[in-house]
Structure formats: structure tokens, C-alpha cells
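Undergrad: One structure coming up, written as C-alpha cells, with questions to follow.
No lab work stands behind these numbers, since they all come straight from the coordinates. Treat the numbers as computed from the prediction; the structure is a model and nothing was measured. As a convention, Cβ positions derive from the backbone with ideal geometry for all residues, glycine included, and neighbour counts pool all protein chains shown.
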Amino acid sequence: MAKTYTIRCKEINSDMNGVFTFNNARLEAPGLLVGEKAEISLLYGKDKGKAAVEKILEPSPDRVEPLCPVYGSCGGCKLMHTSYENQLRIKTDVVRKLLSSFGEVQDCVGVEGEPYHYRNKIHSTLSVSKKGKIISGLYKETSHNVVNTSSCAIENENASEIMKTVRKFMSDCKLAPFNEDTGKGTLRHVLFRTSAKGDVLVVLVSGNRIFPEKNKLASLIAQKHPCVKSVTVNYNLKKTSAVLGDKEEVLYGNGYVTDEMCGITFRISGKSFYQVNTPLAEKIYLNAITKAGIDANDTVLDAYCGIGTIACIAAKLSNAKDVVGVELNETAVADAEENSKLAGLKNVSFINEDAGDYLYAAIGAGIHYSCIIMDPPRSGASEQFINAVLKMKPEKLIYISCNPVTLARDLKKLTLKEYKASYIRPYDMFPQTSGIETVCLLNRLSGLRSDSVRKS
Ligand code: SAH
């Protein structure tokens, strides 16, 4: 038995771990709440600086029984041990600590209704248990061991049912899961995209080019689950932690599902980025676009645009002169073009390029955007992109971020001379998990048109 020590949790960090002082060092442990007294054991090696909670001695009044039987071993959720109200308070506090120096941080906006089963993108990895049974679920945090999850509290419930069909088919047909270490076996992951009205796209990710059972499995899934509108196979033959490979074939249906946001229909295929919580994403987009006060005189750049959701909604709602979306992923750009065409939008176009490269090229070509909406991945915007923004000096700047740590880093540069944050609001797009989405509106300090940015 590891040696244990008694500590008291002082605060929660941006990974949603409890922070405490031990021998004058700041250490962290998952699953702790502020004020709780607990027995911990120290971790070493790659986990140095972290601890495991052995026993909670004085529980917080905000502690609740987690809903999921594999909570704590699967790496998906981090806050299921506390009430939803407290989850929102924790997220507000985390963002306040990181961003208060840039402006007032408003309270985190939560989901309406139950904060469960909201994920429209689900990813299940296949493996074999020690007893030889086919299992599926998420990886244990910081490892590649699959935690068997037959149903998940945050995923759309249809996916759990379809996974039962997949696992049974694999046992019946002796179809082995792909083994990352040996390179043997076939089915690696199953990815689901679901629409708000319940349509499902199933992507069978194979680690092997030879997959003779694929059509039989696709037909079985479609026949047993009428919600499934399409099944594709994606070949990911590389030794990689990325889920999807490049090559994809449609086995059933048309290879995508459609979803609706702000009255616009969006086509979502397996490879394109689409926000995992549609109602919250809709709220964020609407709020950001309205707060920026985009009008018919504006030329707008939607940087890191994915399948063009923000660009299309802004183009439709604001009637802006010209809206351009820029995105690195080719499939997402194809979806974006199709989406704007289907919506009959004439004032929007898309470019498949690195956002920073494009913005510099635009400056070189004498193009000016009066409004830039940026929604970069977790790593934040590239230095090149930030420098280009500071060079172009758009009158309106909206930063939508899925990582407040990189948002803080980027705001530091943006607010050094040119901009001031006038609105900062976290949104709980990912209840139970450590994810926080933040909307930040920036005003230009010099040369600001008096009507260009509406006050919050
Ligand atoms: N705004 C979209 C997508 C945001 S996610 C939405 O709300 O749905 C971030 C997007 O940035 C992803 O689609 C990713 O493919 C894209 N991306 C990542 N690096 C990029 C880069 N260097 N240049 C342009 N796009 C990039």
C-alpha cells in the first residue's frame, strides 16, 4: 500500500484537477473539490507533480455520486463528481483566473435541460479484454488501454445501441479488432455523427486495407437501426493516435448526415469538424455575431471555419457585403461550399488554406476585412495569424476559443497595443468534462468607428 498523506484542496486548475500544497510544492489530483480534506498518495515518473486520491475525509457539500460506472478510469469526464451548478461555478472561476486581467468575465452559460447525452460526435475504440471478449469504449486517460464502456452518460444514446450490434457481429464473424502493437486485426474504431433530429452517420475505421465483411456489417447496422442514414468505411493504416485516415468509401447512404442551425442546413461528413453540442454552439454563434453588430457594410473573415457554420450564419443574419471562410481541412471546405450553396447564400465563399498564410496573402493583395471571427483549435491561433491580424487591424474582432489557456496567451499579444476586450463569456459546451468554450469580443483602441462594436 502506497504511503498516504492528508491534504486540503485549495482550488481547481484548468484541467479540473484539485490543487493543494504539499511540502511547499503545488500538487494536483483529479476528483477533488475546493475545501475537501483527503488522503492522497504521490505519483512519480511521468506523473510527477500529481497525486491519486485514496480517501475523501471531509467531502464538499457540492459532491455528488457520479452517474457513470467507469468515471475516473475512462478519460472522458472530469467533473461528474460535482453538481452541475458547481461545474458551472468551477468553469467560471477557471476562466476568471486566466482572463480577468483582460476584462470582466461573465458567468459561464450552462446547457438547458439535463447536462447528459449531448455529444453528437462519438468515437468508440475496439479492443479485446483479458478474457478474449470484444470490448469498446474510450482510452483510459494518458494511455492506449480501452476502458469498456457499454453506455456513456454524455454520448447520444443511439451510439451505444449500434455498438452492441457491432460487437455482436464481430464475435459472430470472428472479426478481430485492430491491434495497434501487432498491426493485426481489422476494425479499429467506430465513429458516429448524429443530427439533432436523430439521424446517424456511422464510420467504420479499419486498420487493414482488406475488410471483406464491411458491406455485410453496413447492411446489418442499417437494417437493425433505422436512425442510421449512412455508413462509410475509413482506412487508417498508419501507426497514429489520429482516429481517421485519408481514404474513405461510402457503403450505405450518401456519406453524411445533415443538421440544422439558425435555419441553415449543414452537411456533416465523418472527417469534418462540427461542434459536439449543437444547441450550445448555436447559442455561441448567435451571441458572437449579434454582439459584434455585423452589418451590410462589413466584409467578414471566418478564420478556422470548419464546415462554414459561422460564416453561413453571419452571411444570412447580417447580410454582410462579403463573408470569406478559411480552413485547412479539404473535406470541411467541400462541406462548407455545399452548405452555402444549399442555403442559397451569394455573399459567402471559402478558401482551403492555412489561416495565417491566407491572411498575409490577403494583406499583400490589398484586401481588408472589417470583421474577423476566429475559432482556432485547442493550440490557439498561430503567431503568424495573430501578427497578420495586428497588421490588418479589423475594426471588429471576435475570438471563440475552446481553450482558455491559449486564449490568454493570444489575448496578451492582441491587447498589448491594438485591442481591448469588451466582452468575455465562458459557455459550457462540454458538461461533465474539462472543456470550456469562451467568446471574447475585442474593440480596436485606435481608429474605432463609434458604432462598430456594440457594448455588452
Ligand atoms: N469554426 C468552426 C470550426 C472550429 S474548430 C466551427 O465552429 O464549427 C477549428 C478548425 O480549425 C478545424 O476545422 C480545423 O480543421 C481548422 N484548422 C486547424 N488548423 C488550421 C490552420 N492552420 N488554418 C486553418 N484552419 C485550421
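Undergrad: Considering only DSSP beta bridges with both partners in the chain, what is the antiparallel share in %, to the nearest 5?
TA: Values: 64 of 95 bridges.
DSSP beta bridges in the chain are roughly 65 percent antiparallel.
Undergrad: Neighbour counts of other C-beta atoms within 10 Å: give me Phe350, Phe273 arranged from fewest to most.
TA: Numbers: Phe350 24, Phe273 19.
Starting with the residue having the fewest Cβ neighbours, the order is Phe273, Phe350.
Undergrad: I would also like to ask the following. Taking the alpha-carbon centroid of each part, what is the distance from segment 358-420 to segment 123-193 in angstrom?
TA: When both Cα centres are located, 40 Å separates them.
Undergrad: Pairs Lys214/Lys271; Lys91/Lys283; Lys55/Lys133; Lys174/Lys216: which exceed 23 Å Cα-Cα?
TA: Numbers: Lys214/Lys271 19 Å; Lys91/Lys283 18 Å; Lys55/Lys133 32 Å; Lys174/Lys216 13 Å.
Beyond 23 Å between Cα atoms: Lys55/Lys133.
Undergrad: From the helices alone, meaning DSSP H stretches of at least four residues, give me the mean residue ellipticity at 222 nm for the chain, per-run term -39500 (n - 2.57), in deg cm²/dmol to the nearest 500.
TA: Details: 9 runs with 112 residues, N = 456.
Per the formula, -7500 deg cm²/dmol.
Undergrad: How compact is the chain by the rule of thumb for globular proteins, expressed as Cα Rg over 2.2 N^0.38 Å?
TA: Values: Rg = 23.3 Å, N = 456, 2.2 N^0.38 = 22.5 Å.
In units of the 2.2 N^0.38 Å rule of thumb, it is 1.03.
Undergrad: Taking Cα pairs under 8 Å and at least six residues apart, what relative contact order does the chain come out at, in percent? Intermediate values should be presented prior to the final figure.
TA: Details: 1007 pairs, mean separation 54.9, N = 456.
For the chain, the relative contact order is 12 percent.
Undergrad: Moving to a separate point now. For segment 304-375, taking Cα atoms only, what is the radius of gyration to one decimal and the Dmax to the nearest whole Å?
TA: Just the Cα atoms of segment 304-375 yield Rg and Dmax of 11.5, 32 Å.
Undergrad: When DSSP assigns beta bridges and you keep just the ones with both residues in segment 121-258, what percent turn out antiparallel, to the nearest 5?
TA: On the way: 24 of 32 bridges.
Bridges in segment 121-258 are about 75 percent antiparallel.
Undergrad: What are the aspartates and glutamates whose alpha-carbon lies under 14 Å from the alpha-carbon of Lys168, with same-chain residues fewer than 8 places away excluded?
TA: Candidates past the 8-residue exclusion: Glu213.
Undergrad: Where does the charge balance sit around Tyr71 when Lys and Arg score +1, Asp and Glu -1, over other residues with C-beta under 10 Å from its C-beta? Write down the numbers at each step before the final one.
TA: Working: positive: Lys78; negative: Glu65.
Value of the local net charge: 0.
Undergrad: Can you check what the net charge comes to around Glu353, using other residues whose Cβ is under 12 Å from the Cβ of Glu353 (Lys, Arg +1; Asp, Glu -1)? The partial results should precede the final answer.
TA: On the way: positive: none; negative: Glu327, Glu330, Asp354, Asp357.
Local charge sum for Glu353: -4.
Undergrad: Continuing with the same structure: What does the charge add up to near Lys413, with Lys and Arg as +1, Asp and Glu as -1, over the other residues with Cβ less than 14 Å from its Cβ? Provide the component values of the computation, followed by the final result.
TA: Working: positive: Lys391, Lys393, Arg409, Lys412, Lys417, Lys420; negative: Glu383, Asp410, Glu418.
Net of charged neighbours comes to +3.
Undergrad: Give me the distance between the Cα centres of segment 246-262 and segment 198-221, rounded to whole Å.
TA: So the two Cα centres are separated by 13 Å.
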